[in-house]
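Enquirer: The structure is given below, and queries will be raised subsequently.
The values are calculated or read from the model by the stated rules, or taken from the named source; none is laboratory data. What you see is a predicted model; the values in this text were computed from it and never measured. Quick reminder, even Gly has a Cβ in these numbers, built from the backbone with ideal geometry, and neighbours come from all protein chains shown.
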Amino acid sequence: MNARAVAAWSATCIFIVLSTTNPAYKAAVLAAALIALAAGVGLRRLRGVLIGVLLIAAFAVALNFVSAHLGTTVLFSIPNQVPALGGPYTLEALAFGATGGLTVAAAILAAAPFSTLLASHEVMDALPAALSRTGAAIAASLNLVPSVAASFVQVTEAQRLRGWRPRGPRSWSEIVVPVVLTSVEGSIQLAESMEARGFGSGPRTAVKPAKLQPSDWLLIGASAAALGLFAISQASGWAAPWYAYPTLTLPSMDARPLIACLLLLAPVLVWRSRR
Amino acid sequence: MAVATLSRLTYTYPGATQPALREVCLELEDGLTVVAGPSGGGKSTLLRVFNGLVPHFHGGRISGSASVVGRDVIATPTRHLARSVGFVFQDPELQTVYNVVDREVAFGLENIGLPQREMAERIDEALDAVGVEHLRGRTVRTLSGGERQRLALTSALAMRPRLVVLDEPTSQLDEEGAAMVLTSVLALIARGGHAVISEHRLDRLVKQAHGLVMVGGGRVESIDPKAWRRPQAPSRPPRRFALGAEAWSLRGASAGFDGSLVLDGVDLAGCAGEVVALSGPNGGGKTTLLRLLAGGLAPVAGTVERRPGRIAYLPQNPTALLHRPTVRDEVSLTLERTEEGGLPEAILDELGLASVALRNPRDLSSGERQRAALAAVLPGMPRVVLLDEPTRGMDVGARDALISLVARLRDQGAAIVLATHDVELRAALADRVVHVGQGKVVEAAPEAMRA
């Protein structure tokens with residue numbers, strides 16, 4: 001799998017969800033991204049990502065519902081005297097917040113293949129030669145991330161048994177300081193190891209230059225077609241915009257932009273081999 | 001011609017007042033050279049001179065001269081020495097850059113700009129030389145510690161260096177993993193390669209070594225490997241009291257992560273004043289069992305019971321504990337928290353740490369850090385003592401001090417559980433040895449304690 005092909009698909013998904021206000025197309029992109037990822041990674045491995053996406057989306061919905069007191073369909077009201085929360089709570093604000101949540105969720109899932117589907121070296125291989133050293137350094141630091149999480153668990157456990165208890169923000173320094181120091185030491189050791197293996201000694205080469213396979217071309221082609229069709233739909237008014245205020249209406253839909261979104265299901269044909 | 005020649009080399013780390021190496025004069029002959037000596041004596045610093053990490057990576061002041069495989073180390077940056085000198089570090093987890101085996105081996109070759117075809121040849125050659133052809137395509141995080149260290153050796157050999165330097169490569173490995181690495185090193189020597197290795201397990205290596213270098217207090221001395229005598233095994237401290245009542249127990253206890261069980265229905269118990277040693281391979285469940293007993297991990301089934309009182313727990317990674325400005329402060333913190341009274345000096349003396357009591361624990365060598373962590377968890381009167389690989393990186397003297405300390409705690413009535421690969425430590429202390437592996441525990445036969 002070529003990371004450049006994945007990048008083309010991700011960029012198209014993100015372009016569509018950010019360029020339209022219509023929740024129907026955003027939902028279609030979200031569904032396509034979810035189905036594609038499930039085909040490539042499997043729902044079980046996606047569990048953590050999905051929980052994170054749900055939490056972030058829920059926050060976006062709640063934030064708009066609580067802060068935007070616009071719209072005509074009032075669900076309930078809180079007296080204006082209540083600071084920050086006072087005012088009418090409307091169906092329109094809820095729907096508009098839900099559209100924001102859809103946007104965030106679709107964008108995160110569109111970018112998720114870079115962490116869930118591709119190995120760090122596959123991402124680095126796709127970078128231009130001029131960025132190869134930066135890429136190697138990023139790959140190395142990505143490999144340190146799991147050890148930081150493990151270090152946090154170890155430190156917390158060890159300090160608890162020495163009598164540490166969480167008593168206010170200051171007490172956390174006994175956890176944070178060793179975790180940070182351990183991470184810094186880990187980074188220094190890794191840098192030492194990279195130096196000892198000639199990192200930075202001159203222009204780098206690649207053991208396996210990233211070449212596009214037919215399946216990658218299929219993905220790039222489908223993404224380009226989706227991008228083109230949706231852009232034309234936008235320009236010609238087929239992908240009608242939608243706005244929740246002042247009164248909630250159903251979003252209108254057209255087959256052409258919807259087909260563009262369905263083209264984003266192309267990874268289902270390509271990513272099955274990664275499970 | 002010698003592989004390396006050091007002449008009147010003195011090196012001081014940045015900010016240090018005393019040199020880490022003093023007036024070192026050394027000639028490394030072809031073949032295998034073993035570097036030995038007490039923790040904190042300067043072994044790692046000496047090894048880092050051979051590929052220029054000292055002084056180019058670490059900075060500091062250096063004087064004298066150092067020539068390795070015909071190159072002036074002081075004038076040549078490490079990254080340019082990488083083609084001539086390979087290096088394998090102590091920690092198997094902190095030296096991999098990529099997450100697939102073949103790519104990891106290729107990392108150094110990419111750095112020196114080799115053409116693609118030559119890289120493929122060298123990767124095949126190095127994987128074959130270390131005997132890890134079967135690991136090709138594997139994800140690095142799925143490898144055992146021994147496999148990871150062999151991967152690090154493979155990566156070093158792929159550069160076709162004239163000299164390979166290994167810094168305590170087996171200190172974090174189980175017996176099988178350590179044997180894997182040492183066998184690969186000896187095979188390299190048999191094929192005409194040159195290597196320098198620092199190790200605490202000298203018995204296997206010294207017989208094959210062409211040189212033995214003792215390092216201590218920054219001084220370096222070459223001795224004839226044939227003159228080396230295996231230190232006497234630690235004696236077993238006599239028990240002063242009979243075993244007490246049951247102090248901890250696991251009944252049908254299961255524990256694991258991400259839906260897979262590491263321990264499955266374990267039944268085990270220990271008494272006050274008893275030392276139970278856990279043996280078994282890396283990843284077999286020893287640490288999980290200790291964490292269950294410590295209360296850091298809840299069982300998914302079964303029960304864990306402990307008698308009231310303080311639990312002292314030394315985690316596998318001792319740096320998890322250390323965050324105070326001095327070693328003495330680390331001990332004081334535990335004494336204050338436990339309100340058991342006493343002065344830090346008692347345990348610092350007992351573990352031979354008086355001379356480094358006012359130093360930052362993170363500035364110490366790995367063996368000294370291990371002792372500092374032990375001092376931080378073991379002062380006062382803990383009722384249950386859980387030690388995870390307590391002799392990691394320790395020299396013989398430090399291990400003897402640990403044995404005396406554990407025996408004292410045992411005689412004060414503490415229930416002790418230690419997970420260790422160190423057979424001599426088990427023989428000196430264990431009342432029972434329990435093998436932990438594949439989710440189960442099996443009580444070892446008494447003769448296995450001394451095996």
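Enquirer: Being of a type in the set (Lys, Arg) and assigned to a helix (DSSP H, G or I) is the filter; apply it to region A:158-177 and report the residue that is surrounded by the fewest Cβ atoms within 10 Å (Cβ to Cβ).
Expert: Start the filter on region A:158-177 by keeping residues that are of a type in the set (Lys, Arg), which leaves A:160, A:162, A:165, A:167, A:170.
If we keep only those that are assigned to a helix (DSSP H, G or I) as well, we get A:160, A:170.
Values: A:160: 17, A:170: 7.
Result: A:170.
Enquirer: Right, another one. Looking only at region A:103-122, decide whether some residue is within 11 Å of chain B (Cβ to nearest Cβ), aliphatic (A, V, I, L, M) and in contact (Cβ under 8 Å) with a residue 12 or more places away in the chain.
Expert: Looking through region A:103-122, at least one residue is within 11 Å of chain B (Cβ to nearest Cβ), aliphatic (A, V, I, L, M) and in contact (Cβ under 8 Å) with a residue 12 or more places away in the chain.
Enquirer: Would you say residue B:252 is at positive phi and either of a type in the set (A, V, I, L, M) or free of Cβ contacts under 8 Å to residues at least 40 places away in the same chain (or both)?
Expert: In short, no.
Enquirer: Before we move on, is residue B:143 at pLDDT 90 or above, assigned by TED's automatic domain parsing to the domain that holds residue B:186 and more than 13 Å from residue A:207 (Cα to Cα)?
Expert: Answer is no for this residue.
Enquirer: Scan B:49, B:54, B:35 and give me the residue that is surrounded by 23 or more Cβ atoms within 10 Å (Cβ to Cβ) and in a strand (DSSP E or B).
Expert: Every option except B:35 fails the conditions.
Enquirer: Would you confirm whether any residue within region B:98-119 is free of Cβ contacts under 8 Å to residues at least 24 places away in the same chain, surrounded by fewer than 24 Cβ atoms within 10 Å (Cβ to Cβ) and either touching a strand residue (DSSP E or B) at 6+ places or on another chain (Cβ under 6 Å) or more than 7 Å from chain A (Cβ to nearest Cβ) (or both)?
Expert: yes
Enquirer: Given the residues A:70, A:37, A:43, which is the only one that is in a helix (DSSP H, G or I) and either closer than 16 Å to residue A:98 by Cβ or at pLDDT below 95 (or both)?
Expert: Answer to the selection: A:37.
Enquirer: While we're looking at this one, here's another question. Hey, any hits in region B:129-139 for a residue that's part of a helix (DSSP H, G or I), touching a residue at least 60 places away in the same chain (Cβ under 8 Å) and more than 9 Å from every other protein chain (Cβ to nearest Cβ)?
Expert: Yes, that holds for at least one residue.
Enquirer: May I pose another question? Kindly indicate whether any position in region B:154-161 is at pLDDT 85 or above, in contact with a strand residue (DSSP E or B) (Cβ under 6 Å, 6 or more places away or on another chain) and assigned to a helix (DSSP H, G or I).
Expert: Within region B:154-161, one or more residues are at pLDDT 85 or above, in contact with a strand residue (DSSP E or B) (Cβ under 6 Å, 6 or more places away or on another chain) and assigned to a helix (DSSP H, G or I).
Enquirer: Can you tell me which condition residue A:208 does not meet? The list is (1) more than 7 Å from chain B (Cβ to nearest Cβ); (2) buried (at least 19 other Cβ atoms within 10 Å of the Cβ); (3) touching an Asp or Glu at 6+ places or on another chain (Cβ under 8 Å), and all the others hold.
Expert: With respect to (1) more than 7 Å from chain B (Cβ to nearest Cβ); (2) buried (at least 19 other Cβ atoms within 10 Å of the Cβ); (3) touching an Asp or Glu at 6+ places or on another chain (Cβ under 8 Å), residue A:208 is out only on (2).
Enquirer: May I ask you to say which residue of B:402, B:374, B:353, B:387 is within 17 Å of the chain's Cα centre (by Cα), buried (at least 24 other Cβ atoms within 10 Å of the Cβ) and either at pLDDT below 90 or away from chain A (no Cβ under 14 Å) (or both)?
Expert: Exactly one of B:402, B:374, B:353, B:387 is within 17 Å of the chain's Cα centre (by Cα), buried (at least 24 other Cβ atoms within 10 Å of the Cβ) and either at pLDDT below 90 or away from chain A (no Cβ under 14 Å) (or both), namely B:402.
Enquirer: Can you tell me how many residues in region B:331-376 are part of a helix (DSSP H, G or I), of a type in the set (Gly, Ala, Ser) and without any contact (Cβ under 8 Å) to a residue 60 or more places away in the chain?
Expert: Here is the first cut: in region B:331-376, the ones part of a helix (DSSP H, G or I) are B:331-338, B:344-350, B:354-356, B:361-363, B:366-376.
Now drop any that are not of a type in the set (Gly, Ala, Ser), which leaves B:332, B:346, B:354-355, B:366-367, B:372-373, B:375-376.
So of that shortlist, the ones also without any contact (Cβ under 8 Å) to a residue 60 or more places away in the chain come out as B:332, B:346, B:354-355, B:372-373, B:375-376.
Residues flagged as part of a helix (DSSP H, G or I), of a type in the set (Gly, Ala, Ser) and without any contact (Cβ under 8 Å) to a residue 60 or more places away in the chain within region B:331-376 amount to 8.
Enquirer: Say whether the condition of being part of a helix (DSSP H, G or I), more than 9 Å from chain B (Cβ to nearest Cβ) and under 21 Å from residue B:79 (Cβ atoms) is met by at least one residue in region A:138-157.
Expert: yes
Enquirer: Which number in (1) within 14 Å of chain A (Cβ to nearest Cβ); (2) under 30 Å from residue B:44 (Cβ atoms); (3) part of a loop (DSSP other than H, G, I, E, B) marks the one condition that residue B:231 misses?
Expert: All conditions are met except number (1).
Enquirer: Give me a count of the residues in region B:315-340 that are within 24 Å of residue B:439 (Cβ to Cβ) and either at pLDDT 85 or above or not assigned by TED's automatic domain parsing to the domain that holds residue B:381 (or both).
Expert: Filtering region B:315-340 down to residues within 24 Å of residue B:439 (Cβ to Cβ) leaves B:315-317.
With either at pLDDT 85 or above or not assigned by TED's automatic domain parsing to the domain that holds residue B:381 (or both) added as a condition, the list becomes B:315.
Selection size over region B:315-340: 1.
Enquirer: Can you tell me which of B:285, B:296 is farther than 26 Å from residue B:375 by Cβ and either modelled with pLDDT of 90 or more or crowded, with 17+ Cβ neighbours inside 10 Å (or both)?
Expert: After ruling out the rest, the residue left standing is B:285.
Enquirer: Now, a different point. Restricting attention to region A:158-176, which residues are more than 8 Å from chain B (Cβ to nearest Cβ), closer than 22 Å to residue B:298 by Cβ and either within 31 Å of the chain's Cα centre (by Cα) or of a type in the set (A, V, I, L, M, F, W, C) (or both)?
Expert: The answer is A:175, and nothing else.
Enquirer: Still on this structure, I have one more. So, in region B:19-32, how many residues would count as being part of a strand (DSSP E or B), in contact with a Gly (Cβ under 8 Å, 6 or more places away or on another chain) and not aliphatic (A, V, I, L, M)?
Expert: Within region B:19-32, residues that are part of a strand (DSSP E or B), in contact with a Gly (Cβ under 8 Å, 6 or more places away or on another chain) and not aliphatic (A, V, I, L, M) number 2.
Enquirer: What residue, among those in region B:71-82 that are more than 7 Å from chain A (Cβ to nearest Cβ) and touching a residue at least 12 places away in the same chain (Cβ under 8 Å), is nearest to residue B:157 (Cα to Cα)? Let's see the steps before the verdict.
Expert: Initially, region B:71-82 is screened for residues more than 7 Å from chain A (Cβ to nearest Cβ), giving B:71-77, B:81.
This time we only want the ones that are touching a residue at least 12 places away in the same chain (Cβ under 8 Å), so: B:71, B:73-74, B:76-77, B:81.
On the way: B:71: 19, B:73: 20, B:74: 23, B:76: 20, B:77: 20, B:81: 14 Å.
Residue satisfying both the conditions and the ranking: B:81.
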